[in-house]
Amino acid sequence: MAAKIFVFGSINGQLASAFGKLLALHKKNAFSFAIATGNLFSEAQDDDQLTNLLEGRIEIPCPIYFTVGTIPLPPRVVERIEKDEEIAPNLHYLGKRSVTKTSEGVRIVALGGVLDFNIVAGLSKEQHDPIHTEGDAKSLRGANNADILLTAMWPADIWKNSAKAKEMQISAESAPSSQSIADLCEALKPRYHLCMSPDNFCFEREPFFPEAVEGDKDKGIALTRFISLGPWANPAKAKSMYAFTLNRDAVITPQAGSTLTPFFKPAGPNKKRTVDQAEFSRFSHHDQDHPRRRKHHRRERSPPPGPDRCFFCLSNPSLPTHMVCSVGEDAYLATAKGPLPAADTFKDRGLDFPGHFIITPLTHAPSLSAAAMSEEEVGKTFAEMKRFRDALQGMVAGASKRKLGAVTWEINRARNIHVHWQIMPVPAEMVSKGLVEAGFRVLAEDMKLGKFVAKEFGTADEVPGDYFRVWIWAEVDDEDGGRVVGKSLLLRFDEGVRFDLQYPRKVMAKLLGLEERMVWQDVVQTEQEETADVAAFRKAFKEWDFTLAA
């Protein structure tokens, strides 16, 4: 059954009257849930109403979801959020940056607060402050799609191509807007984008659709409705309530009055537009229980964790954001949990932090392939991940005066949840003497994983099937001043091989004499230690961090 959804504009603390109205309407309509946009509470919150809400004396007839708006939440509400306690029966805080799937299967992506231009890079730390960063918005693109996008700010240019906006004289001055929200809306293509209006007006834009993509007709058209409701009980009597039934049927033909997306930017002469295939292929090869029968039983298995529960997705509200070092346009860099090297392992070579990192795509995808993303997206993502890798290699070599090189590896499996690379330093002489390559080859043979071949390639589209790839790199001194040594090794394996995910860590532990740190769970650091390592790394990486250039 399709979900029936009720939406409020900013309630601004008028809890009793707003929820009383919902109670009356719910008796007739039986809503699945409601969404409160903007500011649920006010800066001068009526303390009696808040107390009645918190003590359950204001009836809420169906689940209500909300995020932080443009003002801080009341301290008593924040206290319950921080303690992970219920705010009130049927009242659910989505978090400031989150991906949520309701019991009806409705996918809500939320980004509360206004953009803080003073934070150059990274994610905001507090989940209840009324600010967000560009990194927060970028991280949510990894959600890939949404039924409902809920934001406090408008997307930039939402008024373009709109006769209604022209009629109402809607422009950049009408409401706070940002390009990062526009990029997020363009990436997710939600069925509904819900916002708050900062003044006594409602702007319900004509539905819009993305530029037509060749070969995309069978998937239908991603039609988005942008609705910004006026404040509750506003004196202008502007529309402050909205109800709809969420229809997930494919839209083959846009309804009358629909427009081209306001975010459209003409492609350059060499830019190739491609089909976004992520939605139908992301989980198509995941069948961990029966690998040999995968071809015949793909649909019997539930999909793996989505972005809201994925350990590698920045949109996961439980992600330890203090470990995130740098966020780019398509990928991010973070320190590894339970790093193999300790903070003092390479101290005599110029590093005062472990140097074990994870390079991860923002997009929630099992592989770096056009089948899991899109042809254009996978190209950009691979290029930026490589850029992070090259920057780390340069930083390690520079800080150690070429005493350290680096090893980077990728495990590409159909059963992956979220593809990523791991990278860590290694003594440069181990690379130049071939010890690192030998270490990987010998343990692979001992574990009967197969044989390596030397192969340079880009994305997973170039190598069919499952594989393990390792890049071995170092700069060494010679008569000409220095040269790069190393290679890219590929080990392919079929679905009949039970690949040990800890294999590369075991190799590196043996090479570095760190067998006692082989199991990452045994060497997990405290949050204070992790934070200190990130701070030390950022200081060393500053001149190499291309995300700070803008």
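The values are calculated or read from the model by the stated rules, or taken from the named source; none is laboratory data. If you're wondering where the values come from, they're calculated on a predicted model, not measured in any experiment. Ideal geometry is used to build each Cβ from the backbone, glycine not excepted, and the neighbour counts take in all protein chains shown. Accessible surface areas use protein heavy atoms only, side chains included; no ligands, DNA or RNA. Shrake-Rupley method; radii C 1.70, N 1.55, O 1.52, S 1.80 Å.
Would you please name the residue that is most open to solvent (accessible area, probe 1.4 Å), looking only at residues in the stretch 65-85 that are within 20 Å of Phe19 (Cα to Cα) and aliphatic (A, V, I, L, M)?
Residues of the stretch 65-85 within 20 Å of Phe19 (Cα to Cα): 65-69, 73-74, 76-77.
Pick out the ones that are also aliphatic (A, V, I, L, M) and you get 68, 73, 77.
Numbers: Val68: 1, Leu73: 20, Val77: 0 Å².
Among them, the one singled out is Leu73.
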Q) Limited to the stretch 425-441, what total is found for residues that are in contact with a Lys or Arg (Cβ under 9 Å, 6 or more places away or on another chain) and either buried (at least 21 other Cβ atoms within 10 Å of the Cβ) or of a type outside the set (D, E, K, R) (or both)? A) 4
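Got a sec? Which of Ala146, Ala182 is at pLDDT 90 or above, part of a loop (DSSP other than H, G, I, E, B) and either within 20 Å of Gly69 (Cβ to Cβ) or not aromatic (Phe, Trp, Tyr) (or both)? Working first, answer last.
Working: Ala182 fails: part of a loop (DSSP other than H, G, I, E, B).
Just a single option satisfies the conditions, and that option is Ala146.
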Q.
Looking for something at pLDDT 50 or above, assigned to a helix (DSSP H, G or I) and either within 17 Å of the chain's Cα centre (by Cα) or among the hydroxyl-bearing types (Ser, Thr, Tyr) (or both) - is there at least one such residue anywhere in the stretch 314-322?
A. yes
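Taking the condition of being part of a loop (DSSP other than H, G, I, E, B) and farther than 25 Å from Pro504 by Cα, how many residues in the stretch 514-550 meet it?
3
For the stretch 368-389, which positions are closer than 11 Å to Trp421 by Cα and part of a loop (DSSP other than H, G, I, E, B)? I'd like the intermediate steps shown before the answer.
Here is the first cut: in the stretch 368-389, the residues closer than 11 Å to Trp421 by Cα are 368, 382, 385-386, 388-389.
The one that is closer than 11 Å to Trp421 by Cα and part of a loop (DSSP other than H, G, I, E, B): Leu368.
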Q.
Looking only at residues that are closer than 18 Å to Ala397 by Cβ and acidic (Asp, Glu) in the stretch 326-355, which one is most open to solvent (accessible area, probe 1.4 Å)?
A. Asp348
**Q.** Verdict on Asp330 being touching a helix residue (DSSP H, G or I) at 6+ places or on another chain (Cβ under 6 Å) and of a type in the set (D, E, K, R)
**A.** yes
**Q.** Single residue of Val507, Val497, Val485, Val442 found to be modelled with pLDDT under 95 and outside any loop (DSSP other than H, G, I, E, B)
**A.** Val485
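Being touching a helix residue (DSSP H, G or I) at 6+ places or on another chain (Cβ under 8 Å) and open to solvent by 70 Å² or more (accessible area, probe 1.4 Å) is the filter here; which residues of the stretch 86-99 pass it? Even if it seems obvious, please write down each step before you answer.
Filtering the stretch 86-99 down to residues touching a helix residue (DSSP H, G or I) at 6+ places or on another chain (Cβ under 8 Å) leaves 86-88, 91, 93, 96-97, 99.
Residue satisfying the conditions is Glu86 alone.
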